[in-house]
Amino acid sequence: MVLGSDLGTTYSVGAYVREDGEVEIIDNSEGKNQTPSVVMFDAEDGIIVGEVAKEHAVMCPDDVVAVIKNNMGNKAYRKNFNGVDYTPEMIASFIIRKVAQDAAASTGEQVEGVVVTVPAYFTDAKRKATEDAASIAGLPLIGMINEPTAAALSYAKSRN
């Protein structure tokens, strides 16, 4: 399956096109159709993405990264955990990977590639960083589409 992913600032969502041509939003492993775009670095459990990470943001703010999308393409940004510097691309890749793993578990199909939506204002550096994040996540980037274009296409399809 090809996964469509909105790598959001606050929440990320995955969807795919079913055999009947309809688009279906995929529930994550927590049973919700949105995954918080939050990553927690935990000494015992490693890297945690989503709801649990969001819940720990207040108690452990130094261990949690939120709104990483705002730092895409920022070469100076680093999050150090256990002596490893994580770039925005690496952190975003954890979110993309979680959405893809949840999609595979939910549908029983392997994710063969991803189409990611990005804000229309994203610079070339931010787009390249998003492309790199998909690659780091182990997913071929099939395409990148501006969010307003994705919305217009979705609307046009719904009118047919």
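The values are calculated or read from the model by the stated rules, or taken from the named source; none is laboratory data. Computed from a predicted structure; not experimentally measured. Using ideal geometry, Cβ is built from the backbone for each residue, glycine included, and neighbour counts are taken over all protein chains shown.
Numbers at a glance
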item	result
Any hit, region 109-123, residues being exposed (fewer than 14 other Cβ atoms within 10 Å of the Cβ), without any contact (Cβ under 8 Å) to a residue 12 or more places away in the chain and either in contact with a Leu (Cβ under 8 Å, 6 or more places away or on another chain) or closer than 24 Å to Thr87 by Cα (or both)	yes
For Met40: the one exception among (1) at pLDDT 95 or above; (2) not in a strand (DSSP E or B)	(2)
Residue that is farthest from Val23 (Cα to Cα) [pool: residues in region 124-149 that are of a type in the set (A, V, I, L, M) and without any contact (Cβ under 8 Å) to a residue 60 or more places away in the chain]	Ala125
Listing of strands (runs of 3 or more DSSP E) fully contained in region 71-160 that carry 3 or more residues being in contact with a Ser or Thr (Cβ under 7 Å, 6 or more places away or on another chain)	113-118, 141-146
Output for region 127-160, where each listed residue is in contact with a strand residue (DSSP E or B) (Cβ under 7 Å, 6 or more places away or on another chain) and basic (Lys, Arg)	Arg127
Matching residues in region 23-32 - criterion: being within 24 Å of Pro140 (Cβ to Cβ) and either outside any strand (DSSP E or B) or in contact with a Gly (Cβ under 7 Å, 6 or more places away or on another chain) (or both)	Ile26, Asp27, Asn28, Ser29
